[in-house]
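Just so it is clear, none of the values below were taken in a lab; they were calculated from the coordinates. These numbers come from a predicted model, not from an experiment. FYI the Cβ positions are ideal-geometry reconstructions off the backbone, even for glycines, and counts take in every protein chain you see.
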Amino acid sequence: MLRKTLVIASLFQAATFFSQQYGGMWIPTEINEKEMKSLGMKIEAKDIWNTEKPSIKDAVVQFNRGCTGEIISPKGLLLTNHHCGYSAIQSHSTVENDLLSNGFWAKNNQGELTNPGMVVDFVTDIKDVTSEILANTSGLTDKELNKKIEENIAEYRKSQKLENYQSILVKSMFAGNKYYAFTVETFKDIRLVGAPPQSIGKFGSDTDNWVWPRHTGDFSIFRVYADKNNKPAEYSPENVPFTPKHYLPISVKDIKENDFTFVFGFPGRTNEYLPSIAIEKIVTDTNPARIEVRDIALKTLDEKMRADDATRIKYASKYASVANYWKKWIGETKGLKKSNAVVKKQEYETFLASKNPEIKNTLAEFNSLYNQQAPYALNNAYYTEVLRNAETLTLANLFNGFINSYEAGKIDDRAVKNFKNRLSGIYKDYDGELDAKVMAKLLALYTNKTQAEFLPEGFNQYKDVNQNLQVFENWSKNSVISGRNSINGATVYTDIDKVFSNLPELVKTIKADPIYQTLTKMKETYIAKADSQYSTLQDKIDALQKKYLAQMMTADQDRKFFPDANSTLRVTYGKVKGSTPQDAITYHYETTLDGAIEKYVPGDYEFDLPKKLIELYNNKDYGTYKNAAGKIPLAFTATNHTTGGNSGSPALDANGNLIGLNFDRQWEGTMSDINYDPKFSRNIMVQTKYILFIIDKFANAKWLLDEMKIVK
Ligand code: ARG
Ligand code: GLU
């Protein structure tokens with residue numbers, strides 16, 4: 001009796017928790033039109049994705065391989081987040097001409113700024129190629145299987161006729177149970193057109209990051225350029241603004257709670273189908289380790305960034321990106337605990353096993369594999385985070401790769417040139433003296449947190465932070481790697497060519513550098529003791545995940561499955577909604593400019609506001625952008641299932657008009673990458689009304705508004 005109720009209870013739970021109204025990132029060729037319409041969508045699926053006629057997909061791009069952007073004018077004007085354009089804006093900034101602080105608005109096409117290396121990708125076709133990619137693979141062992149799949153992918157790509165600006169991406173879906181091919185067109189001449197000052201575009205900065213209520217005008221504007229035939233081309237002054245097949249009309253209608261909305265973009269990575277044991281390990285082991293490392297790095301950087309403007313600009317983009325996932329992991333861990341994710345998954349597992357007893361074995365195998373992997377996974381988490389955040393070690397590691405190739409006789413002039421370019425990119429925003437402190441503290445952490453069996457010989461001497469601070473400062477001061485010492489009379493800052501002019505001597509010097517020696521010791525020990533064990537177990541886990549997901553999909557026929565995010569184009573939909581994340585706390589779905597003024601702290605590094613904006617507010621100079629209540633709407637939340645990579649994604653209304661720009665999720669729901677919970681999970685968007693208000697009233701950039709199609 002009890003058992004029966006349990007099964008029924010979990011059946012019910014499975015059905016409600018995974019009902020499609022909430023959660024899901026769908027491949028645009030396979031969206032649930034019926035449900036979208038039942039939620040209020042007025043357009044057709046073929047208005048969203050169509051390879052025969054212009055459709056919304058022709059206006060959605062992957063922005064610089066990490067964010068999303070959308071085309072909002074017939075002249076290739078592109079909207080994305082401020083934080084997505086951030087490093088470009090930073091790269092045009094100096095202490096004297098600080099576009100981060102002052103904002104930037106081109107007066108005309110000639111005033112737009114070029115961004116070498118920046119790309120924008122359009123997806124022009126999507127095909128299910130599972131049968132091609134999995135051809136002749138049955139009965140193969142895991143290793144053979146992966147090799148065969150790679151061969152099939154290579155063959156498939158070769159079989160496709162492409163222009164030089166096109167490429168084919170073949171991506172695995174459902175943990176390798178399916179494969180899809182994406183045809184992509186890459187544009188390479190992308191220019192900066194406009195950005196508000198960061199006191200608008202990054203208002204609230206790290207304190208407000210991942211937090212609702214939010215008042216960030218997180219947008220920036222670029223333009224896609226093409227050659228005379230409207231095709232992608234390298235930068236050239238002869239290039240012309242790109243004419244898109246479709247661009248998004250922009251709505252300035254008021255947004256109401258429960259309005260239908262969908263988000264179209266490139267979510268990066270989710271893990272919605274993990275077994276409970278995997279979530280347990282994330283909560284207890286790997287997230288806390290990663291958080292701890294970044295905690296220390298961030299505090300150390302912050303001190304100097306606040307004290308010194310040049311350091312602030314130099315480290316701004318890097319700091320924001322380190323802080324971003326640091327804060328996300330904290331929210332995710334809390335959310336997983338609070339939403340009882342492990343218990344919920346266990347209940348779901350019981351339900352699955354009741355449908356197919358074999359799933360019990362799969363789960364037992366998962367338990368065994370994850371438990372075996374745990375110590376290696378923990379070491380991996382500390383190791384990778386320390387190496388990433390102590391940049392002198394990152395640099396030493398790059399030198400290590402270079403020296404290994406050099407000693408294997410694999411370094412030619414071209415390789416030296418590439419390596420120098422790579423280094424210069426890092427040194428530009430690096431401060432050796434500051435990083436010596438980060439390195440000293442992180443090595444103390446690593447030494448104190450690493451189990452004896454994984455600790456390099458002699459590392460016990462790094463247990464003491466204060467002692468490390470002296471030791472590493474001393475080493476750093478005398479190091480070519482840190483850029484603070486010269487070789488051949490030059491440093492990497494004064495003349496990097498000269499540093500590399502005598503390779504044998506450089507190699508000898510670097511190998512004698514105690515920082516280099518510390519890195520190689522750490523790396524060799526990690527590789528010998530943890531790395532291959534970790535990956536071998538991960539391969540087994542991946543193979544089992546494929547089997548588990550296939551079993552899950554047959555056992556749970558009522559659930560509609562979407563493939564985990566993998567940086568491919570997806571549609572997610574839902575309703576505009578507030579939430580009740582805590583006892584007695586209810587969040588309204590919308591913020592207004594009034595709230596930004598409430599948060600305003602003059603001169604603060606996070607909550608300052610531009611004078612002009614305050615004047616507009618005081619004079620209620622709102623033009624056509626105010627809502628029915630006479631206020632400027634600023635941001636809003638909805639139930640769209642989004643993740644990193646969805647930044648800059650268009651939020652569209654029932655008619656396919658742009659109503660907002662996705663830029664974040666709310667703190668209480670950041671566990672949605674692992675366990676989307678309709679109660680807590682909300683995406684955060686900045687409203688088009690606010691964006692247009694800023695462009696129009698704040699920046700006076702009317703020439704841009706004239707290009708757009710505004711729906712009143
Ligand atoms: N949390 C948002 C995202 O994941 C915004 C990040 C940029 N802002 C920041 N303060 N770090 O990308
Ligand atoms: N800010 C994120 C991004 O850069 C989007 C927020 C999220 O992770 O949902 O993609």
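Given Cβ point charges of +1 (Lys, Arg) and -1 (Asp, Glu) and nothing else, what value in debye, to the nearest 20, does the dipole of the chain about its Cα centre take? Before the final figure, lay out the partial values.
Working: 90 positive and 87 negative charges, 165 e Å.
Dipole of the chain, to the nearest 20 debye: 800 debye.
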Notebook entry, point to check: For segment 643-712, what does the alpha-carbon gyration tensor say about shape, rounded, prolate or oblate, given a ≥ b ≥ c as the root eigenvalues, a/c under 1.5 as rounded, and a/b over b/c as prolate?
Noted result: prolate
Notebook entry, point to check: Classify segment 108-244: rounded, prolate or oblate, from the alpha-carbon gyration tensor (a ≥ b ≥ c, eigenvalue square roots; a/c under 1.5 rounded; otherwise prolate if a/b is larger than b/c)?
Noted result: oblate
Margin query: Around Arg414, under 14 Å between beta carbons, what's the net of Lys plus Arg minus Asp minus Glu among the other residues?
Written below: +2
Notebook entry, point to check: Taking the Cα centre of segment 384-431 as origin and charging only Cβ (+1 Lys, Arg; -1 Asp, Glu), how large is the dipole, in debye to the nearest 20?
Noted result: 200 debye
Check: Using θ = phi - 60° and the Karplus curve 6.51 cos²θ - 1.76 cosθ + 1.60, what whole-Hz ³J(HN,Hα) does each residue of segment 418-427 get, with Gly and Pro shown as x?
Finding: 4, 5, 4, 4, 4, 4, 4, x, 7, 4
Check: Roughly how many Å is it from the Cα centre of segment 305-348 to that of segment 510-574, as a whole number?
Finding: 20 Å
Note to self: Could you check the spin-label model distance between Thr94 and Asn229? Points 7 Å from the Cα along Cα→Cβ, value in nm.
What the structure shows: 4.0 nm
Check: Quick one: Ser91, Ser579, Ser672, fewest Cβ neighbours within 10 Å first, how do they rank?
Finding: Ser91, Ser579, Ser672
Next item on the list: Pick out, from Phe260, Leu387, Gln373, the residue whose Cα sits farthest towards the positive end of the charge dipole of the chain, with +1 on the Cβ of Lys and Arg and -1 on the Cβ of Asp and Glu.
Entry: Phe260
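Using the 10 angstrom Cβ neighbour count as an exposure proxy, how do Leu140, Leu652 rank, fewest first?
Listing Leu140, Leu652 from fewest to most nearby Cβ atoms yields Leu140, Leu652.
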Next item on the list: Tell me which residues come under 5 Å, amide H to amide H, from Ala226 once H is placed; ignore anything under 5 positions away on its chain.
Entry: Val240, Phe242
Next item on the list: For the chain, just say rounded, prolate or oblate: build the C-alpha gyration tensor, square-root its eigenvalues into a ≥ b ≥ c, call rounded for a/c under 1.5, and beyond that prolate if a/b exceeds b/c, oblate if not.
Entry: rounded
Next item on the list: Going by C-beta contacts inside 10 Å, put Glu457, Glu272, Glu505 in order with the fewest on the left.
Entry: Glu457, Glu505, Glu272
